[in-house]
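The values are calculated or read from the model by the stated rules, or taken from the named source; none is laboratory data. Fair warning: this is a prediction, and the values are worked out from it, not measured in the lab. Quick reminder, even Gly has a Cβ in these numbers, built from the backbone with ideal geometry, and neighbours come from all protein chains shown. Remember, those area values only see protein heavy atoms, side chains included, never the ligands or the DNA or RNA. Shrake-Rupley method; radii C 1.70, N 1.55, O 1.52, S 1.80 Å.
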Amino acid sequence: MPLSVVILAAGQGKRMNSDLPKVLQPLAGQPLLQHVIRTARALNPADIEVVYGHGGALVQAAFDHEDVDWVLQAEQLGTGHAVMEAMSVIPDEHTVLVLFGDVPLIGAASLQRLLAPAADGALAILSVNLEEAAGYGRILRDAGGQVSAIVEHKDASLEQLQIKEVFSGLLAAPAGRLRAWLLGLGTNNSQREYYLTDVVALAVAAGDRVEAVLAANATEVLGVNDRIQLAEAESRYRAMRARDLMVAGATLADPARIDIRAGEVSVDRDVFIDVNAVLIGKVHLGARVKIGPNCVIKNARIGADTEIFANSLIDNTLIGEHCRIGPFARLRPGTVLDRGVHIGNFVEVKNSEIGADSKANHLSYVGDARVGRDVNIGAGTITCNYDGANKWPTRIDDGAFIGSGSMLVAPLRIGAGATIGAGSTIASSTPGGKLTLARPVQTTAARWSRPGKLDPEQLAAAVERAMQEEPAAQDGPATQDKRAAQDGPAAQDGPAAQDEANDSQE
Ligand code: UD1
Ligand code: CA
């Protein structure tokens, strides 16, 4: 029998006290409704009907990317009314599964168990036993133990409120029968609404079979009606994902201190993840990868045996095997690191490829660069890739050694095996295998003494004089020209090739 899934998502969610429609409230970085749609898809339904109403355009816009049918419930007259609206497009011979946009953690396995009796002609309701059942509809059974009705919390007698077996809100039934029962709904209750829950008594009256199927656990059927329940759902979601990682072979320093958001995280064996990792989107960690404390990793693949040290941020990046990243590294989108690369503290890499065994260990910015293998980028090196209007590339060939504190004014190319002296501002390409440096000559003033303390008047007069001097523009080299017409690397006479490698090690 083809399956139609109906997702109720029209309610406002008054108890959220929010401008955002309830089903758009984020759980693990995605709207509540997204979680429900994902689970619905896992059942391979013929169609998914989302009943929307409150915040309509906003809800539809947020799910532009989803292939679902939208059913407008202009007035929220109750859950029964909402299902009725969707029934107009569902043929009698389908099985209907009703899900709630605010019951986000439901698993496909429980739903499969609900679909089996429905395919057999029964009304199947998903139930759960709760000690603390405030807000939930109570399941009533007759003397013979058969389900006879559901009574809403607000309509229940004191005695009925003692019942621990409650309705999750989710149910499945043959479409033709469901349509018939729904036609019998009225609004004779404390909220003057068409209750979906009343179909139970109507099915019983019509001589149809009703079966309560117990949910696998209470987490799955947790309803999110306020922000306290939202936080509860978040922490349970986190626990479920942490479990998945442990089952797959990751050791977690503390399963309560890992966040997985909007994510498909996969791990190979013997991964170790320290506390406060935030994993977002599609993340893969290869075998024996170690993640230090407080790392944020978003859309990344990390190769086997790589270690990420504390407080590193990794965003849309591919990292090879045996790399060492951080602490305090920032890898931005478009970064591709080959095997054995070291990126150290306070190093930012953006949109750059870095070849095998190359290192940038301290305080550097590498942007829009192609770096070869066995390159050493000294502390404080900056690829000056932006002229205020355009982004320019830098190329550093295999085996180059960039001295500390170098400014590489792009576009340029550092030839293979070149050495750049520390503190150089390099504004055009440099030849391979040679030392290039560009820095002022060092002088020592023979007659100089430290200034003495001035009295306030002397100080004020000196400031006044300095401010009145006319700043004068001087003709300088036109860097614009260099950027516009780039020649290939050309050897130049440089200063004596003394040992310039007084910079960063490794
Ligand atoms: C509902 C059930 C209750 C069950 C509980 C489980 C009914 C009458 N009650 O109560 O038995 O224990 O869920 O979580 O069904 N909605 C619409 N249109 C409407 C009204 C609601 O689309 O006119 C949607 C809401 O957006 C929400 C869902 O239906 O996603 C449930 O509605 P809500 O008002 O939260 O029902 P509960 O009071 O939680
Ligand atoms: Ca609810």
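Going by the conditions given, is GLY145 in a loop (DSSP other than H, G, I, E, B) and more than 13 Å from ligand 1 (Cβ to nearest atom)?
Considered against the rule, which asks whether it is in a loop (DSSP other than H, G, I, E, B) and more than 13 Å from ligand 1 (Cβ to nearest atom), GLY145 comes out as yes.
It is to be established whether one or more residues within segment 82-103 are away from ligand 2 (no atom under 16 Å from the Cβ), assigned to a strand (DSSP E or B) and open to solvent by 10 Å² or more (accessible area, probe 1.4 Å).
No, there is no match, as no residue in segment 82-103 is away from ligand 2 (no atom under 16 Å from the Cβ), assigned to a strand (DSSP E or B) and open to solvent by 10 Å² or more (accessible area, probe 1.4 Å).
Could you please let me know if LEU115 is modelled with pLDDT of 95 or more, away from ligand 2 (no atom under 16 Å from the Cβ), under 30 Å from PRO21 (Cβ atoms) and crowded, with 23+ Cβ neighbours inside 10 Å?
When the stated conditions are applied, LEU115 does not pass them.
Using the structure shown, decide if LEU123 is at pLDDT 95 or above and under 35 Å from the mean Cα position of the chain (by Cα).
No; evaluated as a whole, the condition is false for this residue.
For every residue, the table says whether it meets (1) within 27 Å of MET240 (Cβ to Cβ); (2) open to solvent by less than 60 Å² (accessible area, probe 1.4 Å).
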position: GLY137; (1), (2): yes, yes
position: ARG141; (1), (2): no, no
position: GLY145; (1), (2): no, yes
position: SER168; (1), (2): yes, yes
position: VAL199; (1), (2): no, yes
position: LEU214; (1), (2): yes, no
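Collect the residues in segment 60-76 that are more than 16 Å from ligand 2 (Cβ to nearest atom) and either assigned to a loop (DSSP other than H, G, I, E, B) or aliphatic (A, V, I, L, M) (or both), keeping them in residue-number order.
ALA61, ALA62, PHE63, ASP64, HIS65, GLU66, ASP67, VAL68, VAL71, LEU72, ALA74, GLU75
More than 10 Å from ligand 1 (Cβ to nearest atom) and farther than 30 Å from ALA262 by Cβ: is that true of GLU165 in this structure?
Yes; evaluated as a whole, the condition is true for this residue.
Is segment 48-64 home to any residue that is touching a residue at least 12 places away in the same chain (Cβ under 8 Å) and farther than 26 Å from ALA231 by Cα?
Looking through segment 48-64, at least one residue is touching a residue at least 12 places away in the same chain (Cβ under 8 Å) and farther than 26 Å from ALA231 by Cα.
Every residue in segment 360-375 that is in contact (Cβ under 8 Å) with a residue 40 or more places away in the chain and not in a strand (DSSP E or B), please.
ASP368, GLY372
So for segment 11-22 (the condition being surrounded by fewer than 21 Cβ atoms within 10 Å (Cβ to Cβ), away from ligand 1 (no atom under 16 Å from the Cβ) and either aromatic (Phe, Trp, Tyr) or part of a helix (DSSP H, G or I) (or both)), does at least one residue qualify?
So far as segment 11-22 goes, no, none of its residues is surrounded by fewer than 21 Cβ atoms within 10 Å (Cβ to Cβ), away from ligand 1 (no atom under 16 Å from the Cβ) and either aromatic (Phe, Trp, Tyr) or part of a helix (DSSP H, G or I) (or both).
Condition first: at negative phi and open to solvent by 50 Å² or more (accessible area, probe 1.4 Å). Now tell me which residues in segment 125-135 satisfy that.
ASN129, GLU131, GLU132, ALA134
Please go through segment 260-285 and give me each residue that is modelled with pLDDT of 95 or more and surrounded by fewer than 19 Cβ atoms within 10 Å (Cβ to Cβ), ordered by number.
Listed by number, the residues that qualify are SER266, ASP268, ARG269, ASP270, PHE272, VAL275, ASN276, VAL278, GLY281, LYS282, HIS284.
Please identify the pairs in which a residue from segment 217-233 that is open to solvent by less than 40 Å² (accessible area, probe 1.4 Å) has its Cβ atom under 7 Å from the Cβ atom of a residue that is in a helix (DSSP H, G or I) and within 10 Å of ligand 1 (Cβ to nearest atom), counting only partners at least 6 apart or on another chain.
Filtered contacts from segment 217-233: LEU222/GLN229; GLY223/GLN229; VAL224/LEU32; ASN225/ARG15.
So, in segment 23-45, of the ones that are more than 20 Å from ALA86 (Cβ to Cβ) and in a strand (DSSP E or B), which residue ends up most open to solvent (accessible area, probe 1.4 Å)?
Out of the qualifying residues, it is PRO26.
Looking only at segment 46-67, count how many residues are surrounded by fewer than 19 Cβ atoms within 10 Å (Cβ to Cβ) and under 12 Å from VAL6 (Cα atoms).
Total meeting the criteria: 2.
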